[in-house]
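Visitor: Before we start, here is the structure in question, set down as structure tokens.
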């Protein structure tokens, strides 16, 4: 087992560690107040990302060729959990826009499953050298994404981001109350910050430039915590009541 680099320690255990704790806390706060369907869907955004980040803590120290396959699988779970999370906000927006009578539980599950299948297809990239994720001694045990994998995940993530932005704008336009509009703007600002953070991670893993990774890790911490808090302040506090 090799000694973790300073960049990885800062990125994984400081930046992502703080983010994991923060997101888990927000999810617990939402579910503790009420476990109605809307709350569960909303908290799913935080829980999915938190699970992905937690798995990352597990495989980060496994710097040994004997664990290479295990590390790749755990990295897949990390990517799945972290980048799957925005679809919960899409479903949440659909419920607010159309109501739970129109967007039934079945429809919600169908959306989550379809997006989950698209996200799961990342696994077909993993074990193809030069086509998916390289994560071994040659990369100093830092995930490096191939161009095909980068493009695929970029497309899949954008399939959630575009409707999220569209539905959010639609909902905002329907509000007449000034306070509600203000709250919803916080929500929009929040997920925009997280979108920038996620795309920054994509580019960082694709370019594989150590200095850029470190800078993105620090900026990402600010964007992710600010984004998560703004989303919670804009909507989370209201649905707790």
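Visitor: Out of 47, 96, which single residue is at pLDDT 95 or above and assigned to a helix (DSSP H, G or I)?
Guide: None of the others qualify; the one that does is 47.
Visitor: While we're looking at this one, here's another question. Could you please let me know if residue 81 is within 30 Å of residue 142 (Cα to Cα), touching a helix residue (DSSP H, G or I) at 6+ places or on another chain (Cβ under 9 Å), touching a residue at least 12 places away in the same chain (Cβ under 8 Å) and surrounded by fewer than 19 Cβ atoms within 10 Å (Cβ to Cβ)?
Guide: In short, no.
Visitor: For the subset of segment 99-114 comprising residues that are surrounded by 15 or more Cβ atoms within 10 Å (Cβ to Cβ) and assigned to a loop (DSSP other than H, G, I, E, B), which member is modelled with the highest pLDDT? It would help to see each step written out before you state the result.
Guide: Just the residues of segment 99-114 that are surrounded by 15 or more Cβ atoms within 10 Å (Cβ to Cβ), to begin with: 100, 103, 107-108, 111-112.
Next cut, assigned to a loop (DSSP other than H, G, I, E, B) only: 100, 103.
Working: 100: 86, 103: 92.
Within segment 99-114, the match that is modelled with the highest pLDDT is 103.
Visitor: Which condition from (1) assigned to a helix (DSSP H, G or I); (2) over 17 Å from the mean Cα position of the chain (by Cα); (3) surrounded by fewer than 19 Cβ atoms within 10 Å (Cβ to Cβ) is the one that residue 40 breaks?
Guide: It fails just one condition, (2).
Visitor: Being part of a helix (DSSP H, G or I) and in contact with a strand residue (DSSP E or B) (Cβ under 8 Å, 6 or more places away or on another chain) is the filter; apply it to segment 179-236 and report the residue that is surrounded by the most Cβ atoms within 10 Å (Cβ to Cβ).
Guide: Residue satisfying both the conditions and the ranking: 205.
Visitor: Within segment 193-202, does at least one residue satisfy the condition of being over 16 Å from the mean Cα position of the chain (by Cα) and either at pLDDT below 95 or under 23 Å from residue 108 (Cβ atoms) (or both)?
Guide: No, segment 193-202 has no match at all.
The values are calculated or read from the model by the stated rules, or taken from the named source; none is laboratory data. A quick note: this is a predicted structure, and the numbers were derived from the prediction, not measured. As a convention, Cβ positions derive from the backbone with ideal geometry for all residues, glycine included, and neighbour counts pool all protein chains shown.
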